[in-house]
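**Q** First, the structure itself, so that you have it in front of you.
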Amino acid sequence: MLLLIPGPVSTRPEVRAALAQDFAPWDTSFRPLYAAVRERVGVLAGAVAGTHAVLPLQGCGHFGIEAAIRSLVPASGKLLIPMTGSYAQRMARLARECGRTVSELPASDVRPVDPAEVARALANDAKPTHVGLVYSETSSGIVHDVAAIGEIVRAAGKRMIVDAVSAFGALPLDLAAQPEIDAAVFTANKCLEGVAGLAFIIARTDSLRAARGSAQSWSLDLDDIHEHAIRDGWGSFRFTPPAQVLAAFRTALHLHRAEGGQPARYARYRDNADVLYNGMQQIGLTPYLTRAAQGPIVVNIHAPDDEKWSLQGFVEALKRRGFVISNFYNTDRPSFRVGCIGAITPDDMRRFVGAAASALDEMGVRRRAPAA
Ligand SMILES: *Cc1c(COP(=O)(O)O)cnc(C)c1O
């Protein structure tokens, strides 16, 4: 069964095999493994030694985003969030639930955020201290321009928190060139193709120190995780780590490097998305986004306007053909979502297009254009 969902992704057998060993996390044979993983992801993000710290956290991406908000946005701060889709909504909810003030900047789910609109919002309201941006909005499939929006944020003298969960490893990120980014958040199980269980926050240590005490949570206090590393070493995990997940992630990082790093991973995912996009058109379906707006991570396809169509029926028919896609709608207008990330290739996408055509035929879905 191939997972065509935007995380957790299909993994390579080498990654799953690396889960098979048990570790004592504080043992000298585990500490270098962990320290090397931290160092490698820092290099991938363009982190600067002494300026940034790689701060892993047990759990999923939401935990990482909440930890970044708690640890970097003081209680008196305000977060401006372009509402790009459901992951921006999640960030807004996480911020509000920990008592932070949020200002929502309306955004579209068919076009990237216009940096000029962020500039206008910051010019009209002096209060936001931070901008929270979802780099690759996993609901729409749009990649937002972190560099251009970052420039606006920098010029306005504000700080930025980037949800790079479905971007990191495949889309470029250079923290050295973007000093306005206080934190970038990602997980082991999306474009880096590890298994789930670990979030990473790469944060500026000066900003962490400036916001010290604002987390109001020991578990999610990034400053405390940083202090722990300084005290006990970069191979030391605060609280029990998912040690097997880390070992599998090390293998995933080796494979990422062997493939050619971020540019190669981007190219494969782009090819996956292009094959899918063209294939869906060839079988009479309509992609949700224009080709220009379509990112390489997920492709949404308008639900066909046929009485025989049912998303759950389609998902089940695809499962019988060896593919799993998301079984819920993520966009303003109903569309089904196919992930292009993970250990999958353009050939897998070609097979998927064939499976989708055969599933629609079996269901009797003839009118494949979206509702007007
Ligand atoms: C997957 C994802 C997350 C985090 O999801 P978890 O289920 O908490 O790991 C956050 N943001 C984006 C953009 C994502 O794609």
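**Q** For the subset of region 148-172 comprising residues that are surrounded by fewer than 24 Cβ atoms within 10 Å (Cβ to Cβ) and under 14 Å from the mean Cα position of the chain (by Cα), which member is farthest from residue 6 (Cα to Cα)?
**A** 172
**Q** Another one. For the subset of region 87-106 comprising residues that are more than 11 Å from the ligand (Cβ to nearest atom) and aliphatic (A, V, I, L, M), which member is nearest to residue 68 (Cα to Cα)?
**A** 95
**Q** Here is a follow-up. Within region 305-317, does at least one residue satisfy the condition of being in contact with a Phe, Trp or Tyr (Cβ under 9 Å, 6 or more places away or on another chain) and either part of a loop (DSSP other than H, G, I, E, B) or surrounded by fewer than 19 Cβ atoms within 10 Å (Cβ to Cβ) (or both)?
**A** For region 305-317, residues in contact with a Phe, Trp or Tyr (Cβ under 9 Å, 6 or more places away or on another chain) and either part of a loop (DSSP other than H, G, I, E, B) or surrounded by fewer than 19 Cβ atoms within 10 Å (Cβ to Cβ) (or both): present.
**Q** Here is a list of conditions, (1) within 16 Å of the ligand (Cβ to nearest atom); (2) not in a helix (DSSP H, G or I), and residue 46 meets all of them except one; can you say which number that is?
**A** (1)
**Q** Criterion first (near the ligand (Cβ under 10 Å from one of its atoms), under 22 Å from residue 295 (Cβ atoms) and not charged (D, E, K, R)) does residue 164 satisfy it?
**A** Criteria met by residue 164.
**Q** If I ask for residues that are surrounded by fewer than 18 Cβ atoms within 10 Å (Cβ to Cβ) and away from the ligand (no atom under 16 Å from the Cβ), which ones from region 206-223 would you list?
**A** The answer is 206, 209, 210, 212, 213, 216, 217, 218.
**Q** Something else: Surrounded by fewer than 20 Cβ atoms within 10 Å (Cβ to Cβ) and either within 12 Å of residue 163 (Cβ to Cβ) or within 18 Å of the chain's Cα centre (by Cα) (or both): does that describe residue 16?
**A** The answer is no for residue 16.
**Q** Closer than 25 Å to residue 294 by Cα and away from the ligand (no atom under 13 Å from the Cβ): is that true of residue 131 in this structure?
**A** yes
**Q** Please go through (1) part of a helix (DSSP H, G or I); (2) more than 18 Å from residue 11 (Cα to Cα) for residue 299 and return the number of the only condition it doesn't satisfy.
**A** For residue 299, the exception is condition (1).
This table checks each residue for (1) more than 17 Å from residue 3 (Cα to Cα); (2) acidic (Asp, Glu); (3) more than 16 Å from the ligand (Cβ to nearest atom); (4) free of Cβ contacts under 8 Å to residues at least 12 places away in the same chain.
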residue: 273; (1), (2), (3), (4): no, no, no, no
residue: 288; (1), (2), (3), (4): yes, no, yes, no
residue: 300; (1), (2), (3), (4): no, no, no, no
residue: 303; (1), (2), (3), (4): yes, no, yes, no
residue: 311; (1), (2), (3), (4): no, no, yes, no
residue: 315; (1), (2), (3), (4): no, no, yes, no
residue: 333; (1), (2), (3), (4): yes, no, yes, no
residue: 342; (1), (2), (3), (4): no, no, no, no
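**Q** Somewhere in region 199-216, is a residue among the small types (Gly, Ala, Ser), in a helix (DSSP H, G or I) and modelled with pLDDT of 95 or more?
**A** Yes; the residues of region 199-216 include at least one that is among the small types (Gly, Ala, Ser), in a helix (DSSP H, G or I) and modelled with pLDDT of 95 or more.
**Q** With respect to the numbered conditions (1) surrounded by fewer than 24 Cβ atoms within 10 Å (Cβ to Cβ); (2) part of a loop (DSSP other than H, G, I, E, B), which one is the sole condition not fulfilled by residue 229?
**A** Exception for residue 229: condition (2).
**Q** Give all pairs with beta carbons closer than 7 Å in which a residue from region 220-246 that is under 10 Å from residue 34 (Cα atoms) meets a residue that is hydroxyl-bearing (Ser, Thr, Tyr); count only pairs at least 6 apart in sequence or on separate chains.
**A** Between residues of region 220-246 that are under 10 Å from residue 34 (Cα atoms) and residues that are hydroxyl-bearing (Ser, Thr, Tyr), the close pairs are 235/34; 237/34; 246/34.
**Q** Select, from 183, 176, the only residue that is modelled with pLDDT of 95 or more, away from the ligand (no atom under 16 Å from the Cβ) and either within 27 Å of residue 257 (Cβ to Cβ) or not in a loop (DSSP other than H, G, I, E, B) (or both).
**A** 176
**Q** Another question, if that's okay. Could you tell me which of the residues 6, 25, 56, 32 is more than 16 Å from the ligand (Cβ to nearest atom), surrounded by 16 or more Cβ atoms within 10 Å (Cβ to Cβ) and in contact (Cβ under 8 Å) with a residue 24 or more places away in the chain?
**A** 25
**Q** Exactly one of (1) in contact with a strand residue (DSSP E or B) (Cβ under 7 Å, 6 or more places away or on another chain); (2) under 24 Å from residue 13 (Cα atoms) is unmet by residue 287. Its number?
**A** (2)
The values are calculated or read from the model by the stated rules, or taken from the named source; none is laboratory data. Note that the coordinates shown come from a computational prediction; the quantities given were computed from them, not determined experimentally. Ideal geometry is used to build each Cβ from the backbone, glycine not excepted, and the neighbour counts take in all protein chains shown.
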